[in-house]
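What follows is a set of notes on a single structure, which appears directly below.
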Amino acid sequence: MTLEEVRGRIDALDPGIRDLLMERMDLSCHVAEAKKESGDFRVYRPDREEEILKRLGQGVEEARKAPYLAVVRKIMETSRMYQYGLLFDWTEGLFEPLAEGVVIPEKAEFVRIRLTRPDRPGSMSSVLGMVGDYGFNMKSMTLLEEDPEEGKVAFELVIRGDLRQRHMQKLMFQLSMECEKFKITEVF
């Protein structure tokens with residue numbers, strides 16, 4: 001096949017992939033509805049995701065396994081982002097406790113946060129991916145502490161963005177739900 005023929009086949013596949021992803025997002029909406037009804041807003045279940053990745057990776061040839069599972073991970077991350085956004089939109093008062101005690105100036109460009117994550121491959125890259133998926137950029141990321149006994153790492157992140165924007169508030173909500181010891185420390 002020529003390069004143009006291959007690209008044509010890829011272009012023909014893409015609408016079907018889009019349709020399947022939209023169907024998956026519809027199902028994610030139903031999951032968010034069930035979580036809202038139950039009052040349990042924990043969307044991120046790392047053990048469940050690892051089981052899914054293990055199951056879906058079975059039978060995939062080794063040369064394709066890592067790239068394939070990276071796509072599956074991204075689909076799961078996007079699903080979580082969608083669910084957290086829905087829960088945030090449907091529920092009043094989720095942001096206020098996160099910003100308690102923090103002064104939010106009228107013209108602020110940055111948000112400084114601290115958080116703790118498991119010390120395992122991909123743990124912090126998923127946080128960085130979240131920041132980018134919400135449309136924000138990192139100014140800096142600093143390792144604050146490593147706890148080998150607990151298998152955890154603590155970081156300080158400075159994110160470029162306005163904390164008064166609803167989209168930034170949704171990011172803060174998701175980070176607070178997926179990270180331990182999450183705290184907004186400064187807005188400047």
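The values are calculated or read from the model by the stated rules, or taken from the named source; none is laboratory data. Here the structure is a predicted model, which means the values were calculated and not measured. With ideal geometry, Cβ positions are generated from the backbone for all residues, glycine too; neighbour counts draw on all protein chains shown.
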| request: Scan the range 9-38 for residues that are over 17 Å from Val72 (Cβ atoms) and among the polar types (S, T, N, Q) and jot them down. | output: Ser38
| Since Lys107 meets every condition but one in (1) modelled with pLDDT of 95 or more; (2) in a loop (DSSP other than H, G, I, E, B), which condition does it not meet? | (1)
| request: Take the range 34-69 and flag every residue that is touching a residue at least 24 places away in the same chain (Cβ under 8 Å) and surrounded by 10 or more Cβ atoms within 10 Å (Cβ to Cβ). | output: Lys35, Lys36, Phe41, Val43, Tyr44, Pro46, Glu49, Ile52
| Has the range 129-143 got at least one residue that is at pLDDT 95 or above, within 17 Å of the chain's Cα centre (by Cα) and more than 23 Å from Ile75 (Cα to Cα)? | yes
| message | Could you check the range 60-104 and list, in sequence order, the residues that are farther than 21 Å from Asp162 by Cβ and in a loop (DSSP other than H, G, I, E, B)? | response | Val60, Glu61, Thr91
| So is Lys152 touching a residue at least 40 places away in the same chain (Cβ under 8 Å), surrounded by fewer than 18 Cβ atoms within 10 Å (Cβ to Cβ) and under 20 Å from Arg45 (Cβ atoms) or not? | no
| query | Taking the stated definitions as given, is Asp14 assigned to a helix (DSSP H, G or I) and charged (D, E, K, R)? | reply | yes
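Here is a yes/no grid of residues against (1) crowded, with 16+ Cβ neighbours inside 10 Å; (2) among the hydrophobic types (A, V, I, L, M, F, W, C):
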| position | (1), (2) |
| --- | --- |
| Thr116 | yes, no |
| Asp119 | no, no |
| Thr142 | no, no |
| Leu163 | yes, yes |
| Met172 | yes, yes |
| Phe182 | yes, yes |
